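All remarks here apply to the structure that follows.
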Amino acid sequence: LQSDGKIIIVGSFTTFNNSPSKYIVRLNPDGTKDTSFNIGTSFNTYVNSNYPFVSSVQIRPDGKILVGGDLISYNGVYKNSLFLLNSDGTLDNDFTLDSTLGEISISKIKLLPNGKIMLASQFFSSIKRLNNDGTLDNSFLNTVYLNPASNGGGTVLNDFIFQPDGKIIIIGKY
């Protein structure tokens, strides 16, 4: 929910009320599609993706929108899984995910109160913390990997909870 009452919805859809809207749409407070949100041709996913959709979204205090998934590009611009959209739906070209991460499938994004970004990678079963510009936060142990649960089905990270003391609770199946 944006501060102006508009609603960002992400998922595995390609239309909204029979209108093209690939993986993301913004609604007006009355539920109609906000046509001023300019997504163009929107996102493309990796060819062999197990998760061909947008899986997580967070709205920053400045109104910009972080979008993640198993994504390769937005309107033809390669950005590797994490994208920062301006409030009008256009791409913020100055924001780029740290290249040292390689290809990463983002299952969850959470913003920390200090502006840093927590990421969970479904495909690589790991968590990472980034600075607000997309670079890796080297003050965090970014080599945390979660092993799949014994009952199979892979690793699933459902959420992060941030405690007042700064500790992080990781919720999921691992």
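The values are calculated or read from the model by the stated rules, or taken from the named source; none is laboratory data. Not measured: the values here are computed from a predicted model. A quick note on method: Cβ atoms are made from the backbone with ideal geometry, for glycine too, and the neighbour counts reach across all protein chains shown. Each accessible area value is taken on the protein alone, full model and side chains, heavy atoms only, with ligands, DNA and RNA left out. Shrake-Rupley method; radii C 1.70, N 1.55, O 1.52, S 1.80 Å.
Numbers for the structure displayed
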{"item": "Within straight-line cross-link reach of K167, aspartates and glutamates at Cα separation under 19 Å, skipping those fewer than 8 residues along the same chain", "result": "D137, D159"}
{"item": "Alpha carbon Rg of the stretch 17-152, scaled by the compact-globule rule 2.2 N^0.38 Å", "result": "1.07"}
{"item": "Cβ-derived FRET efficiency at R0 45 Å, S36 paired with V144, nearest 0.05", "result": "0.65"}
{"item": "Residue-normalised accessible area of the stretch 17-151, expressed per residue, 1.4 Å probe, Å²", "result": "48"}
{"item": "When the stretch 81-146 is reduced to its Cα atoms, the Kirkwood hydrodynamic radius in Å", "result": "12.3"}
{"item": "Carbon/sulfur fraction of accessible area - the chain, other protein chains in place, 1.4 Å, %", "result": "51"}
{"item": "Unit Cα scatterers, Debye sum, the stretch 2-70: log10 I(q)/I(0) for q = 0.16, 0.20, 0.22, 0.24 Å⁻¹", "result": "-0.55, -0.84, -1.00, -1.15"}
